[in-house]
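The values are calculated or read from the model by the stated rules, or taken from the named source; none is laboratory data. The shown structure was predicted, so the numbers you read here are calculated from the model rather than taken from an experiment. Ideal geometry is used to build each Cβ from the backbone, glycine not excepted, and the neighbour counts take in all protein chains shown. All accessible areas refer to the heavy atoms of the entire protein, side chains included, with ligands and DNA or RNA removed. Shrake-Rupley method; radii C 1.70, N 1.55, O 1.52, S 1.80 Å.
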Amino acid sequence: MMDLATAHPAQSAIATADEAIRVENLHKSFGHLEVLKGVSLTARRGDVVAIIGGSGSGKSTCLRCINFLETPTSGRIVIGGEEIAMRADGTPASRKQLERVRSRLGMVFQAFNLWTHRTLLENVIEVPVHVLGVSKAEAAERAMVLLDRVGLADKAATYPAFLSGGQQQRAAIARALAIDPSAMLFDEPTSALDPELVGEVLTVIRDLAAEGRTMLLVTHEMKFAREVADHVIYFANGRIEEEGPPDQVFGAPRSERLKQFLKSVS
Amino acid sequence: MIELLSLSPPGWGGNLLRGLLHSLEIAFGAFGFGLLIGLGGACGKLYGGPVLRDLLAVYTTVVRAVPELVLILILYYVGTDLLNKASEAMGYGRVEISGVAAGIWVLGIVQGAYATEVLRGAIKAVPSGQMEAARAYGMPPFLMLRRVTIPAMMPFAIPGLANLWLIATKDTALLAVVGFNELTQETRQAASSTRAYFTFFLAAGALYLMVTLLSGSVFARIEAWARRGQPSLRKAAT
Ligand SMILES: Nc1ncnc2c1ncn2[C@@H]1O[C@H](COP(=O)(O)OP(=O)(O)O)[C@@H](O)[C@H]1O
Ligand SMILES: [Mg+2]
């Protein structure tokens, strides 16, 4: 890959354009605590990349650094071939650029984080109308299609607090889809759900994977990760300990830590 | 007694109502001005740099420490004096400052200090995920304030703000010390001219009570609207 890039600079540009997300040598410390110790990963367009690992290994922090919800200490973040400009201290150099990039990354949180003072429909049209400048009528029409797709068309006028966690998370996925995201970031989307509600959310995500959405998915659902992911990354102690195709990572783990981890979660 | 309160002279009812109108005008202006200061102050305290935070801490501490009557005297005389000096320095001569504008300015500064604390507390009570989602989707800071932070903090702020509004309506009475014709001042004039103290102060008291009752129902509606996304606590308790 490297050789190819040096030999044919033009092809390197194409290869970059094919990448939805590229993270290079990402470091992040909270005070003295070094949480990410040089993480590099790439998601090509249409890839589903699953990130697994023990609690506190830095999975969420890594995901949140991608759209700068956390400020990286150092490293490079490239979204759709565009590098997010960083100052020496890791803070974003251009608020405008960051806002533009963020408005194309659909993030789904563990705690849903729907806006509680807005109905599901209002939640879904909020960003298209107020950030992307889509007309209200057009956004609402699209939002209804999306809510229908996640099975919530009849709840469009309901406020989030009146719904189950599974319904809220499906609405949050509709909100993410409404921006027509170039990639989606999922941070343990089913971890806050009662067991009987996990399935309905996984069904929606499985559906998105099947239609070729680019996704970075932090999850504890190992069976699901193995089923939908094109590539699996195992985090331990702020580093990528092992990665590869799902059958290899789950079926033939090499690192001792990963073997232990898989035993502990199965 | 009825003649004394009749709206046209020789009755004093018209004067009382005019006084009430002035009081409400000032209370409304001061409350609004205080809200603006409070919103800026709360954001400054939460998101501002160290210098701004220190300045705001001095403002809220001093204003809340000094008795309101003293503050009103200070702000009124210092404010008008400074304004006149500035205007003379620029060659415009002395300016006539309207009582309403002065009242709004003076009470607004007092209200602003309390509103800063009410709104700061309310913003801090909003679950951080609400703002985080806004940031994650690329909302610029001002849009986020308008579309997420302010509406989300409203349920926490309304009770405190309702208190502030009632205090504003009653603090207008303190402006009598600088000769402003609000309700209390008008009442005193009517009472001393006619010697019917009981009648007039009872009437004024009734007017203040009506304002309070009406405000209560208005704020109850605003609060119900602000909490539209939250299941009712009463239902949850049963
Ligand atoms: N805002 C923060 N301030 C300080 N420490 C943090 C913060 N966020 C996360 N951490 C720490 O960073 C480590 C990694 O956290 P996280 O990325 O959430 O792990 P994971 O998602 O893999 O469970 C943990 O030890 C956590 O306590
Ligand atoms: Mg996590």
Pair list, Cβ < 8 Å and 6+ apart or interchain, from the range A:180-194 residues that are closer than 13 Å to residue A:102 by Cβ and more than 12 Å from chain B (Cβ to nearest Cβ) to residues that are within 15 Å of ligand 2 (Cβ to nearest atom) and open to solvent by less than 20 Å² (accessible area, probe 1.4 Å)
A:183/A:216
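Listed here are the residues, each with its yes/no results for (1) in a helix (DSSP H, G or I); (2) open to solvent by less than 60 Å² (accessible area, probe 1.4 Å); (3) at positive phi; (4) within 16 Å of ligand 2 (Cβ to nearest atom).
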residue: A:98; (1), (2), (3), (4): yes, yes, no, no
residue: A:106; (1), (2), (3), (4): no, yes, no, no
residue: A:117; (1), (2), (3), (4): no, yes, no, no
residue: A:125; (1), (2), (3), (4): yes, yes, no, no
residue: A:142; (1), (2), (3), (4): yes, no, no, no
residue: A:154; (1), (2), (3), (4): yes, no, no, no
residue: A:173; (1), (2), (3), (4): yes, yes, no, no
Given the condition within 16 Å of ligand 2 (Cβ to nearest atom) and assigned to a helix (DSSP H, G or I), answer yes or no: does some residue in the range A:204-216 qualify?
no
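Scanning the range A:214-235 for residues that are more than 16 Å from ligand 1 (Cβ to nearest atom) and closer than 21 Å to residue A:167 by Cα, which turns out surrounded by the fewest Cβ atoms within 10 Å (Cβ to Cβ)?
The initial filter retains those residues of the range A:214-235 that are more than 16 Å from ligand 1 (Cβ to nearest atom), namely A:214-215, A:223-224, A:226-231.
Of the ones still in play, those that are also closer than 21 Å to residue A:167 by Cα are A:215, A:224.
Working: A:215: 26, A:224: 19.
Once the filter is applied, the top-ranked residue is A:224.
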Keeping to the range A:47-82, report how many residues are open to solvent by less than 30 Å² (accessible area, probe 1.4 Å) and assigned to a loop (DSSP other than H, G, I, E, B).
8
In the range A:127-140, how many residues are within 14 Å of chain B (Cβ to nearest Cβ), assigned to a helix (DSSP H, G or I) and more than 16 Å from residue B:151 (Cβ to Cβ)?
3
Could you tell me whether any residue of the range A:193-203 is of a type in the set (S, T, N, Q) and either within 16 Å of ligand 1 (Cβ to nearest atom) or open to solvent by less than 20 Å² (accessible area, probe 1.4 Å) (or both)?
no
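May I ask you to list the residues in the range A:175-192 that are within 15 Å of ligand 2 (Cβ to nearest atom) and among the hydrophobic types (A, V, I, L, M, F, W, C)?
A:185, A:186, A:192
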Which residues, taken from the range A:42-78, are within 14 Å of chain B (Cβ to nearest Cβ) and within 16 Å of ligand 2 (Cβ to nearest atom)?
A:60, A:61, A:63, A:64, A:65, A:66, A:67, A:69, A:70
Residue A:31 fails exactly one of (1) away from ligand 2 (no atom under 16 Å from the Cβ); (2) in contact with a strand residue (DSSP E or B) (Cβ under 8 Å, 6 or more places away or on another chain), namely (2)
For the range B:1-12, enumerate the residues that are part of a helix (DSSP H, G or I) and without any contact (Cβ under 8 Å) to a residue 12 or more places away in the chain.
B:2, B:3
Given the conditions (1) part of a helix (DSSP H, G or I); (2) hydrophobic (A, V, I, L, M, F, W, C); (3) more than 20 Å from residue A:205 (Cβ to Cβ), which single one is not true for residue A:146?
(3)
So which residues in the range A:203-227 are in contact (Cβ under 8 Å) with a residue 12 or more places away in the chain, within 15 Å of residue A:190 (Cβ to Cβ) and among the hydroxyl-bearing types (Ser, Thr, Tyr), if there are any at all?
A:219
Tally of residues being at the interface with another protein chain (Cβ under 10 Å from one of its Cβ atoms) and open to solvent by 40 Å² or more (accessible area, probe 1.4 Å) across the range B:117-139:
3
Lone unmet requirement of (1) open to solvent by 40 Å² or more (accessible area, probe 1.4 Å); (2) at positive phi for residue A:134:
(2)
Going residue by residue through the range A:45-60, is there one that turns out to be at pLDDT below 90, farther than 15 Å from residue A:184 by Cα and among the aliphatic types (A, V, I, L, M)?
no
Does at least one position in the range A:246-261 carry a residue that is within 14 Å of chain B (Cβ to nearest Cβ), more than 14 Å from ligand 1 (Cβ to nearest atom) and of a type outside the set (Ser, Thr, Tyr)?
no
Does any residue of the range B:118-137 turn out to be modelled with pLDDT of 95 or more, assigned to a helix (DSSP H, G or I) and more than 30 Å from residue A:175 (Cβ to Cβ)?
yes
